[in-house]
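Participant: First, the structure itself, so that you have it in front of you.
The values are calculated or read from the model by the stated rules, or taken from the named source; none is laboratory data. Since the structure is predicted, the reported quantities are computational estimates derived from the model, not experimental observations. Neighbour counts run over all protein chains shown; Cβ positions are idealised from the backbone, glycine included.
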Amino acid sequence: MNAPELFDIKALLFQVRKSKSQTDIARLLDVDVRTIRRWETGETEPPAFASHALKDLLPPIFVSSVKSEFKFIDLFAGIGGIRQAFESIGGECVFTSEWDSYAQKTYAENYNSDSHEFNGDITEVDAKDVPDHDVLLAGFPCQPFSIAGVSKKNALGKAHGFADATQGTLFFDVARIIDEKRPRAFLLENVKNLLSHDKGRTFDVICKTLKEELGYHIHYKVIDGAHFTPQHRERILIVGFRDSVAFDWNAIALPAKGEIKLKDILHKTDGSEPYLPWDGDRFFDHASREVLSKYTLSSKLWIYLQGYAEKHRVKGNGFGFGLVGPDSVTRTLSARYYKDGSEILVSQGDGKNPRRLTPRECARIMGFSDTFRITVSDTRAYKQFGNSVVVNVMVHAARLMQQFLRDDMQPELPL
Ligand SMILES: C[S@@+](CC[C@H](N)C(=O)[O-])C[C@H]1O[C@@H](n2cnc3c(N)ncnc32)[C@H](O)[C@@H]1O
């Protein structure tokens, strides 16, 4: 390695060290902590993969040297996409709940420095047992509210009205924890369809509960992941504050959509695809510079998908596959992607059938860094990324909330 490259790696290390300890970097790069020290002092030369991995560890946006030093809880944690954002602004996760054992495995592989125990089913957790925290994070599943909850109300002795309307849904579990713990703020994430779900009733109940029953000041916005990745993915973010603060979604600085193209996240076949020791050749064969052939659709499936799309086209429906090329922005990656991959099929030209994205490409299209470990099967990985969030969207939301998460930075608005 020549001198400028070494200098670059040292500069990179310096930048990454602003937000990560030597121990964290060692864990993420699968090397001993002493190795990181030797790289920092220049005693030994980092291997080629270190440069790529370090670049990937750079925070998506500038991390201030002033730590926010706040505590947060990660509900419906999945694989921790929202957690990453709040860690990147200095938050400490003090409680996690996720009941799917495969998501738990991925989570444990990637955030294993936690001092707290992992919690499963949130409906089984007594809100009093949740540790004190400043921010509650939850990408809860969207469910209709039924009036059946009313009958359970008396049995549970709930004094609050929101139990009537939300009982039996996972939003109820979010509400009862907010009610008990009164965090300074929360961030709830959901599909855009939450706005129109059940003719708007679901969203109404949520807003009424948060505002009128729990007394929070709420602000919501739909944001498209395409501002950051080559994927159209609209999600609603609902932010709430216990106090009246000058939070304003309009202050969010979103880059123009479509600047990052699909080719930026696809495995590179020109020899520049980084070799990640933790992936090895699981998705991409570095010798032949090709994505493994198992990701190419069988002719049977490809013929079926084309026939299905044609049938619906004739009927005037929009169903069908989404064939994409290097300059495309894709449809939304769903948790069902493992089934036939039809929403995002990468054209391979040369009369070849299209292929699915590999799980590593799915990680990238969701804004997860290449140091993120994928240790579950492809099927599980597709489900996990399809259920997750575009990390960069969350980082921008976290940055916007940051100044209102500390006592000394809370400009009160006149009521
Ligand atoms: C939409 S995903 C959230 C993904 C997450 N935001 C991420 O970045 O990966 C919802 C998650 O809630 C989990 N979940 C559903 N019901 C649950 C329950 N009762 N207790 C704990 N987790 C639950 C699901 O397994 C799923 O991983």
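Participant: Scan segment 77-119 for residues that are touching a strand residue (DSSP E or B) at 6+ places or on another chain (Cβ under 8 Å), under 20 Å from Asp370 (Cα atoms), more than 9 Å from the ligand (Cβ to nearest atom) and hydrophobic (A, V, I, L, M, F, W, C) and report the count.
Facilitator: 2
Participant: So in segment 184-206, with the set limited to residues that are without any contact (Cβ under 8 Å) to a residue 24 or more places away in the chain and not small (Gly, Ala, Ser), which one is surrounded by the most Cβ atoms within 10 Å (Cβ to Cβ)?
Facilitator: Phe203
Participant: Continuing with this model, one more query. I need the helices (runs of 4 or more DSSP H) fully contained in segment 54-172, keeping only those with at least 3 residues that are modelled with pLDDT under 75 and crowded, with 23+ Cβ neighbours inside 10 Å.
Facilitator: By residue number, 162-166.
Participant: Restricting attention to segment 351-410, which residues are assigned to a helix (DSSP H, G or I), over 14 Å from the mean Cα position of the chain (by Cα) and within 15 Å of the ligand (Cβ to nearest atom)?
Facilitator: Across segment 351-410, the qualifying residues are Pro359, Thr379, Arg380.
Participant: Could you look through segment 160-204, keep only residues that are of a type in the set (Val, Ile, Thr) and touching a Leu at 6+ places or on another chain (Cβ under 7 Å), and pick out the one that is farthest from Phe72 (Cα to Cα)?
Facilitator: Filtering first and then ranking leaves Thr202.
Participant: Cβ-Cβ under 7 Å, sequence separation 6+ or interchain: first residue in segment 370-387 and closer than 16 Å to Tyr107 by Cβ, partner crowded, with 19+ Cβ neighbours inside 10 Å and among the small types (Gly, Ala, Ser). Which pairs?
Facilitator: Thr371/Ala53; Phe372/Ala363; Ile374/Ala363; Ile374/Ala381; Gln384/Gly78; Gln384/Ala103; Phe385/Ala363; Asn387/Gly78
Participant: For residues that are assigned to a loop (DSSP other than H, G, I, E, B) and surrounded by 15 or more Cβ atoms within 10 Å (Cβ to Cβ), tally how many sit in segment 287-313.
Facilitator: Final tally of qualifying residues: 2.
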